[in-house]
Amino acid sequence: MKVTVVGTGYVGLVTGTCLAETGNEVVCVDIDADKVKRMQSGEVPIYEPHLDVLFERNIEAGRLTFTTSLEEGLEHGVIVFLALPTPEDEDGSADLKYVLGVSEKIGHLLKDYRVIVDKSTVPVGTSEKVHKAIAKNARCDFDVVSNPEFLREGFAVDDFLKPERIVIGSSSDRATDLMKKLYKPFVRSGNPMIVMDEKSAELTKYAANAFLATKITFMNEIANFCEKVGADVDKVRIGIGTDSRIGKRFLFPGIGYGGSCFPKDVKALHKSGKDSGYEFQILEAVIDVNHRQKTILIPRILEYFGGDLQGKKIGVWGLAFKPETDDIREAPALYLIEELLKLGAEVTAFDPEAMQNVKRKMGDRISYATRMYGVLEDADALVICTEWGVFRNPNFNRMKELLREPVIFDGRNLYDTEEIQSEGFYYASIGRGHQGALKK
């Protein structure tokens, strides 16, 4: 099939590349001429495991091409995906200016029937707005479909090629048949392709992300309570995770969630509720708790250093909001670093993929190490913010040699408390108390 993807951000590029991988002819459209030129030369503009292999293979095969021309894209694809940014507005709502702006342009350019697919995460009722924006100037038939993505950064290629489910929001049989044909190769193992109305599809995406964010936040609350009463959150997590009604996933406590989806989507759903006269009290609590959780380690760091961080050198492992991505949007590490800087600390950080993005955002306000052990040289403490695999089994002896004192504040609970105690570290984690042989 001939497919067009408008927007080559995270979702758009993964969508276009994976659709090309199953034999479709895909044209990706982006207004950034420099970015398009780099992609045409084979450069992947984002970090996502395994994407580069598929990207190069499909460019070489001629199934994946790039252009700055929306008109060219519309002439090519019968199915046109809109994978455009929906950034958080000042009031917490999703800003639809990019989606609706492109929709108006599509109305002027349409010459033949097309299925316009909302792939971006958008509020309930957006498909109607997109339809109206196109219809103002369209002179041919078209349909608008909601097809939310459920991609996890770091696992996006696998998630697209082997989806747990595909949701299609459509009131048109013609459009639905085309979407089913497009996605048929991805559900050969029997995973469901669920067809529903457009509004329900739009809400499904928000509801899924809000529920997962709530699950994470609930576990963080339990972890914070464990600190107060002396319980071990790891034991609690295992105890409740074996209940099939709860499940073991998204029960790992830490310093809050970040990224491009959970923070924005929870706020957008909360705002949509207000706009419709409904108060999502649970989501309001989730937003508040998650904001506070991002800096939950700061009081513990202050306590250890007697309330004074002036001139203290703090090493930070992890800047991305999660491992296997270079995405730093709403990353807890950045909130924690800002607080450390305000308190007079000097920060040196390392991340396997995200340092360039942080440099563009923070400049030389912090230092950057080229290797993970570099942040430990003459540092007064190490703070762990992202659970990259490379941090899970470090050389503890080398760490002790480099650190001024063996002190770790772990925001992701990477290490076994008994093991870290036997290694002689002062160790503060989330929901497991303060463990370690060294006390200040």
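Just the Cα atoms of the chain, one point each, no solvent: what log10 I(q)/I(0) does Debye give at q = 0.06, 0.07 Å⁻¹? Results for the chain at q = 0.06, 0.07 Å⁻¹ read -0.29, -0.39.
Scalar couplings 3J(HN,Hα) for segment 394-406, obtained by applying the Karplus form with A = 6.51, B = -1.76, C = 1.60 to θ = phi - 60°, are x, 7, 5, 5, 5, 4, 5, 5, 8, 6, 5, 9, x Hz; x denotes Gly and Pro. For VAL117, the residues 5 or more places off, or on other chains, whose built amide H falls under 5 Å of its own are VAL80, PHE81, LEU82, VAL145. Every pair of different Cα atoms in segment 279-326 enters the Kirkwood calculation, which places the hydrodynamic radius at 13.6 Å.
Past 31 Å, Cα to Cα: identify those pairs from LYS162/LYS267; LYS2/LYS215; LYS105/LYS199; LYS97/LYS248, in the order given. Those over the limit are LYS2/LYS215; LYS97/LYS248. Would you mind pulling out the separation of the Cα centroids of segment 66-101 and segment 409-428, in Å? What the calculation gives is 46 Å, centre to centre. Largest accessible area first, the residues PHE225, PHE425 order themselves as PHE225, PHE425 under a 1.4 Å probe with ligands, DNA and RNA left out. Surface composition of segment 393-433: carbon and sulfur make up 31 percent of the accessible area, probe 1.4 Å. The Cα-based radius of gyration of segment 1-143, divided by its Kirkwood radius, gives an Rg/Rh of 0.97.
Of the solvent-accessible surface of segment 142-217, computed with a 1.4 Å probe over protein heavy atoms with every protein chain present, carbon and sulfur atoms account for 53 percent. As an exercise, identify the trypsin sites (Lys or Arg not before Pro) in segment 142-217 lying in DSSP coil whose Cβ has no more than 16 other Cβ atoms within 10 Å. Those satisfying the criteria are ARG152, ARG165, ARG188. Averaged per residue, the chain has 45 square angstrom of accessible surface, using a 1.4 angstrom probe with ligands and nucleic acids left out. With all protein chains in place and a 1.4 Å probe, the accessible surface of segment 17-110 carries 47 percent carbon and sulfur.
Please return the longest stretch of the chain lacking exposed loop sites, where GluC sites (Glu not before Pro) count only if DSSP places them in a loop and at most 15 other Cβ atoms lie within 10 Å. By the stated rule (loop sites, at most 15 other Cβ atoms within 10 Å), 165-278. Each Cα pair under 8 Å and six or more residues apart adds its separation to the average, and for the chain the resulting relative contact order is 11 percent.
The values are calculated or read from the model by the stated rules, or taken from the named source; none is laboratory data. As the structure is a computational prediction, the values presented were derived from the model and not from experiment. Every residue, glycine among them, receives a Cβ derived from its backbone with ideal geometry; neighbour counts consider all protein chains shown. Note: areas computed on protein heavy atoms with side chains; ligands, DNA, RNA excluded. Shrake-Rupley method; radii C 1.70, N 1.55, O 1.52, S 1.80 Å.
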